[in-house]
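Only one structure is covered here, and it is reproduced in the block below.
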Ligand SMILES: *Cc1c(COP(=O)(O)O)cnc(C)c1O
């Protein structure tokens, strides 16, 4: 059975155009970019061309782009690198309760090493309050880290407003833009972003490649020590092929963004509205419009998300509950709890994320099979039985 893939926020297949572009860097152009002979210099040139492309897409300068091994590394580096560099100035960091674990666990690490962290609440749609953000800033605050787009619920934060607040108070602004890059417009100048994390595999480039944008002049310590690569800021022989692939994927995504956003938004709305209509006691999680074009996250009362996923899998559909990184754990999603969902509803959530390969037929197929799956599970659910009994008594 062919898998119908609805988990683009977990990872995406490498695009054909990207695959073709990077192939020669595994064979003909295999040189070490640090070598002085021709073969090495060709590899070096490929990296510098890629750096220009990434900088252009983000609106930054070429010397502000640093390649890393993944989005998680970029997040770790941004937080720890700035914290170390500025610890004489202050020890306070502001972030949110709904960040990816790459940010949250790094913030917790810093708390164990003398820093204090404010975790901002979000409203029921997943948006932070700008007033609360501004109120949280103290003379000791050195960094604000707020994600551009949430990986579970797709909510987009007001980056430009956050950037303006950070600037006004002389505080650095980092954003985990792993879900946003290639999917929604971003501009580090317009949004006054000082540090931005991105990852290749969420936009059609290979896994294991990422980048950190670092505004020129930003105080930051290196994270990986060793050789002098990446202007002595990030040691390790460069992943040349994947760097080339990342740049190619970002250039393509930028070109196609407007059209693809329009296409995916139509499909997303069809899926969300269709499911809400066909499945009683269901709700959307995340902001209804300030949302990634390809993100659908819904909760279905009285059933377990994990059970839904198993039956979807049996029907050939790959979706997820919470985020890929934490699935397998039985804790309810920290993001859904931060929205104010009960444990029960948080456990009953499913995320469908759409991408380049998603077709209307695939959306129709989910609309055809999911209502039956939920109905079947509810028939076996003691919670649902209780609920039905109660409503019967009330209507008698
Ligand atoms: C996937 C993801 C990451 C981690 O990126 P990797 O390249 O898989 O390490 C970080 N933040 C967000 C929001 C993500 O979706």
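The values are calculated or read from the model by the stated rules, or taken from the named source; none is laboratory data. Quick caveat, the model's predicted, so the values are computed rather than measured. Cβ sites come from the backbone with ideal geometry, for glycine too, and all protein chains shown count toward neighbours.
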Qualifying positions in the range 73-85 - away from the ligand (no atom under 16 Å from the Cβ) and surrounded by fewer than 20 Cβ atoms within 10 Å (Cβ to Cβ): 84, 85
Of the residues in the range 24-47, how many are in a helix (DSSP H, G or I), in contact with a helix residue (DSSP H, G or I) (Cβ under 8 Å, 6 or more places away or on another chain) and loosely packed, with under 14 Cβ neighbours inside 10 Å? 1
Examine the range 179-193 for a residue that is assigned to a helix (DSSP H, G or I), in contact (Cβ under 8 Å) with a residue 12 or more places away in the chain, surrounded by fewer than 24 Cβ atoms within 10 Å (Cβ to Cβ) and within 16 Å of the ligand (Cβ to nearest atom), and state whether such a residue exists. no
If you check every pair at least six apart or on different chains, which have Cβ atoms under 8 Å apart with a residue in the range 70-84 that is under 15 Å from residue 173 (Cβ atoms) first and a residue that is at pLDDT below 95 and more than 11 Å from the ligand (Cβ to nearest atom) second? 81/223
Test: residue in the range 222-236 that is over 30 Å from residue 383 (Cα atoms), assigned by TED's automatic domain parsing to the domain that holds residue 77 and within 22 Å of the chain's Cα centre (by Cα): yes
Selection status of residue 105, surrounded by fewer than 16 Cβ atoms within 10 Å (Cβ to Cβ) and outside the structural domain of residue 295 (by TED's automatic domain parsing): yes
Name the single residue that is nearest to residue 70 (Cα to Cα) among those in the range 216-227 being out of contact with any helix residue (DSSP H, G or I) (no Cβ under 6 Å at 6 or more places or on another chain) and touching a residue at least 12 places away in the same chain (Cβ under 8 Å). 224
Among 246, 198, 212, which is within 12 Å of the ligand (Cβ to nearest atom), assigned by TED's automatic domain parsing to the domain that holds residue 101, under 17 Å from residue 356 (Cβ atoms) and not in a loop (DSSP other than H, G, I, E, B)? 246
Residue count, the range 216-230 (criterion: under 16 Å from residue 78 (Cα atoms), out of contact with any strand residue (DSSP E or B) (no Cβ under 7 Å at 6 or more places or on another chain) and more than 16 Å from the ligand (Cβ to nearest atom)): 6
I'm told residue 1 meets every condition in (1) at pLDDT 95 or above; (2) surrounded by fewer than 20 Cβ atoms within 10 Å (Cβ to Cβ) except one. Can you identify the failing condition by its number? (1)
Residue 21 modelled with pLDDT of 95 or more, closer than 19 Å to residue 238 by Cβ and over 23 Å from the mean Cα position of the chain (by Cα): yes
I'd like to check something: does the range 140-147 contain any residue that is under 14 Å from the mean Cα position of the chain (by Cα), within 13 Å of the ligand (Cβ to nearest atom), over 22 Å from residue 260 (Cβ atoms) and part of a loop (DSSP other than H, G, I, E, B)? yes
Could you check, for the range 150-164, whether at least one of its residues is assigned by TED's automatic domain parsing to the domain that holds residue 72, touching a helix residue (DSSP H, G or I) at 6+ places or on another chain (Cβ under 8 Å), within 16 Å of the ligand (Cβ to nearest atom) and in a strand (DSSP E or B)? no
In the range 42-72, what count of residues is obtained for those that are within 16 Å of the ligand (Cβ to nearest atom) and more than 17 Å from residue 254 (Cβ to Cβ)? 7
